[in-house]
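Trainee: One structure coming up, written as structure tokens, with questions to follow.
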Amino acid sequence: MIGIFDSGFGGLTVMREYLRKYPKYDYMYLGDQANMPYGSRSTEYVNKLVVQNVDFLAKKGCKLIIVACNTASADALRHVQQIYKGKPTILGVLVPACEEALRATKFGRIGVIGTRGTVNSGAYERELKKYESKYYKSKNKRAEKKIRITQNACPLLAPFVEEGMIKATVTRMMLRTYLRPLRHAHIDTLILGCTHYPLLQKEIVRMMGKQVNVLSSAKAGADAIESYFERHPDVEKNLSRSGKRIYYTTDNVERFEMLGSRFLGEKIVGEKVEI
Ligand code: DGL
């Protein structure tokens, strides 16, 4: 069973990509709605919540756990990986998104948008720098060329997406304001570093223009799993595959089902759990 968790229903954009690409596995989703949003919480608190979530999914038998939340991946992934030491395997969404951006960028001008927690953690910057020479400098003949990263926190976007105001004028105005510094920095690649932003992707592409590659961490994470399985066949071998889909939430089931169905793109039936 593959376990996927997020601060709420946003991580269902990640699950959607997994279901599209790898429908044969069993999945268990946990939305920690009771503690949402993670994006404005302290690192210490997010660490604690992430351990709780992993613990819950591990006890339910998940052999692979995906931290779908960007804020949680940024703040707490290493922390839980150190605690669980590969049992179960825990992966995040940040590294695949960075690798994808470095493969895609032409001029090394990369933008990142996310919650305040994700941006303030500096995790995207750190990971982009870490993989810079592997993907960008190596494909760029002039090896001295460095990437330039521009980040902007967009704390109001997630709540507006949750309210279903994807096409509202106010959301467009906000988006334009948040994207302005990235346009001024002439980025050529933009990472959507939040579970909610794939729902705004069309509008963001329109505003940034065709010359900018816009990629979501949700899709990058799912795309990268295939090669991860090739490198780690032992992990893949352990995953059950009977088409099971289980959806848990730590709070309001009705809201979880209503919003979750929108994020996943198909109807879900949730169950409330204490963790
Ligand atoms: N899931 C969060 C993320 O991807 C956004 C919502 C929240 O702040 O909890 O960063």
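Trainee: Would you check if there is a residue in the stretch 118-129 being β-branched (Val, Ile, Thr) and away from the ligand (no atom under 12 Å from the Cβ)? Let's see the steps before the verdict.
Mentor: Of the stretch 118-129, the ones β-branched (Val, Ile, Thr) are 118-119.
This time we only want the ones that are away from the ligand (no atom under 12 Å from the Cβ), so: none.
So far as the stretch 118-129 goes, no, none of its residues is β-branched (Val, Ile, Thr) and away from the ligand (no atom under 12 Å from the Cβ).
Trainee: For the stretch 214-227, which positions are touching a Leu at 6+ places or on another chain (Cβ under 7 Å) and assigned to a helix (DSSP H, G or I)?
Mentor: Of everything in the stretch 214-227, just one residue is touching a Leu at 6+ places or on another chain (Cβ under 7 Å) and assigned to a helix (DSSP H, G or I), namely SER217.
Trainee: Related question: For the structure I just gave you, tell me whether VAL50 is touching a helix residue (DSSP H, G or I) at 6+ places or on another chain (Cβ under 9 Å), without any contact (Cβ under 8 Å) to a residue 60 or more places away in the chain and not basic (Lys, Arg). It would help to see each step written out before you state the result.
Mentor: Working: touching a helix residue (DSSP H, G or I) at 6+ places or on another chain (Cβ under 9 Å): yes; without any contact (Cβ under 8 Å) to a residue 60 or more places away in the chain: yes; not basic (Lys, Arg): yes.
So VAL50 fits the description; yes.
Trainee: Ok, one more. Does any residue of the stretch 37-59 turn out to be more than 16 Å from the ligand (Cβ to nearest atom), within 16 Å of ARG245 (Cβ to Cβ) and among the basic types (Lys, Arg)?
Mentor: No, the stretch 37-59 contains no residue that is more than 16 Å from the ligand (Cβ to nearest atom), within 16 Å of ARG245 (Cβ to Cβ) and among the basic types (Lys, Arg).
Trainee: If you don't mind, another one. Within the set of pairs 6+ apart or on separate chains, which have a first residue in the stretch 65-93 that is within 18 Å of LEU128 (Cα to Cα) and assigned to a strand (DSSP E or B), a second that is within 16 Å of the ligand (Cβ to nearest atom) and not acidic (Asp, Glu), and C-beta atoms under 6 Å apart?
Mentor: LEU91/ILE66
Trainee: Then there is this: Considering only the stretch 187-203, state which residues are more than 15 Å from the ligand (Cβ to nearest atom) and part of a strand (DSSP E or B).
Mentor: Initial filter on the stretch 187-203 (more than 15 Å from the ligand (Cβ to nearest atom)): 187-190, 202-203.
Result: THR189, LEU190.
Trainee: How many residues does the stretch 34-52 hold that are of a type outside the set (Phe, Trp, Tyr), surrounded by fewer than 22 Cβ atoms within 10 Å (Cβ to Cβ) and not in a loop (DSSP other than H, G, I, E, B)?
Mentor: Selection size over the stretch 34-52: 8.
Trainee: Within the stretch 17-31, is even one residue under 15 Å from the mean Cα position of the chain (by Cα), at pLDDT 95 or above and near the ligand (Cβ under 10 Å from one of its atoms)?
Mentor: yes
Trainee: Would it be correct to say that ASN213 is away from the ligand (no atom under 16 Å from the Cβ) and within 19 Å of LEU128 (Cβ to Cβ)? Break it down stepwise before answering.
Mentor: Numbers: away from the ligand (no atom under 16 Å from the Cβ): yes; within 19 Å of LEU128 (Cβ to Cβ): yes.
So ASN213 fits the description; yes.
The rows are residues; the columns are (1) out of contact with any helix residue (DSSP H, G or I) (no Cβ under 8 Å at 6 or more places or on another chain); (2) within 16 Å of the ligand (Cβ to nearest atom); (3) closer than 29 Å to PHE256 by Cα.
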site: VAL161; (1), (2), (3): no, yes, yes
site: MET165; (1), (2), (3): no, yes, yes
site: VAL205; (1), (2), (3): yes, no, yes
site: ASP223; (1), (2), (3): no, no, yes
site: TYR228; (1), (2), (3): no, no, no
site: VAL235; (1), (2), (3): no, no, no
site: ARG241; (1), (2), (3): yes, no, yes
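Trainee: Say we look at the stretch 193-237 and pick out the residues that are touching a strand residue (DSSP E or B) at 6+ places or on another chain (Cβ under 8 Å) and of a type in the set (S, T, N, Q); which of these is farthest from PRO96 (Cα to Cα)?
Mentor: GLN201
Trainee: With respect to ILE4, is the statement that it is within 15 Å of the ligand (Cβ to nearest atom) and part of a strand (DSSP E or B) true?
Mentor: Here the answer is yes, as ILE4 does meet what is asked.
The values are calculated or read from the model by the stated rules, or taken from the named source; none is laboratory data. What you see is a predicted model, and the numbers here were worked out from it, not measured in a lab. So basically every Cβ, Gly included, is an ideal-geometry build from the backbone, and we count neighbours across all protein chains shown.
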